[in-house]
Amino acid sequence: MSNPIARLHHVQGITVMNAVFLAAMLWPVQPGLTAEPEAAEKAVLPRILSAVSIELLDEYNGAERAVLMTGANPDEPSADLAIMAGVPDKRAGEILFTVRGIAFSGPMSGQTPYLERAPNGSLLIQSMQTAIGRSPWEETLTVAARNGAILVAGFTRNSWDRISGAGSSCDWNLLSGKWELSYDVPVEGSDELRSVRKAGRKEQRIEIQDWPALSVDVTAFCSPEE
């Protein structure tokens, strides 16, 4: 595989994240025993939302570690993704790339994104806004390595109306292009809802570093028509 991270933010040497995971491995576990964290750990540890081991890059030995963190700017409701080399690679702990603003992240319960590993080995970035408002939503971003690049392989979005009971569901495989969209619309003159289903094919290549800029367009495509 050619280098799939050439266009992504690359960090060499010892980093704050190195310190975080070294601390996690060495942190004392005996009952009653505590240690004062270092300044770098104090700065980064509270930002960590989720972490999983994932095999995305063939040129590194063993699984990488994906880490999701709250964004560095406290005024922006977003999360950043960092991918690190993992054990037993000799570069274990080195940050391979980061993507800023990969997902929405709010301050309330029901607004916290997290990572999962799909059964086929892809990375899943789960985000949501179910805390407040009439129209909560949930999204899943599927990330996979293909032909020397790390791509957004799939996107799903579910939303619903807490008052009318209407909802929508979209599932789009960006690699094959296959998409399905179903949603409810009110029946004029009654309280009933009518279900609408649409499907089609539209391939779109989105490298992971381009997702923050293109996510609005993808979400709009995956939303019910007014």
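So if we plug the beta-carbon distance of SER176 and VAL87 into 1/(1 + (r/R0)^6) with R0 = 41 Å, what FRET efficiency do we get, rounded to 0.05?
Numbers: r = 34 Å, r/R0 = 0.83.
Between SER176 and VAL87 the formula returns 0.75.
Return the equivalent ellipsoid semi-axes of region 146-226 as a descending list in whole Å, where each equals the square root of 5 times an eigenvalue of the C-alpha gyration tensor. Intermediate results must be reported in sequence, preceding the final value.
Working: eigenvalues 182, 31, 14 Å².
Equivalent ellipsoid of region 146-226: 30, 13, 8 Å, largest first.
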ask   = How fast does region 82-221 diffuse by Stokes-Einstein, in µm²/s, taking the Kirkwood radius from C-alpha pairs at 10 °C and 1.306 mPa s?
value = 94
remark   = Contact order relative to length for region 121-226, counting C-alpha pairs under 8 Å separated by 6 or more residues, stands in percent at 19
request  = Mind giving me the FRET efficiency for VAL216 and VAL52? R0 is 35 Å, r the Cβ-Cβ distance, nearest 0.05 is fine.
outcome  = 0.85
task = Would you mind telling me the share, in percent, of accessible area of region 121-169 contributed by carbon and sulfur at probe 1.4 angstrom?
result = 47
Separation in nanometres of the label points that stand 7 Å from Cα toward Cβ, at ALA131 and VAL185 = 3.4
ask   = Per residue, what accessible area does region 69-179 have, given a 1.4 Å probe and all protein chains present, in Å²?
value = 44
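In what sequence, largest accessible area first, do TYR183, TYR114 appear using a 1.4 Å probe?
Listed by decreasing accessible area, they come as TYR114, TYR183.
The values are calculated or read from the model by the stated rules, or taken from the named source; none is laboratory data. This one's a predicted model, so the numbers in the text were calculated from it and none came from an experiment. A quick note on method: Cβ atoms are made from the backbone with ideal geometry, for glycine too, and the neighbour counts reach across all protein chains shown. Just so you know, the surface numbers come from the protein's heavy atoms only, side chains and all, with ligands and any DNA or RNA stripped out. Shrake-Rupley method; radii C 1.70, N 1.55, O 1.52, S 1.80 Å.
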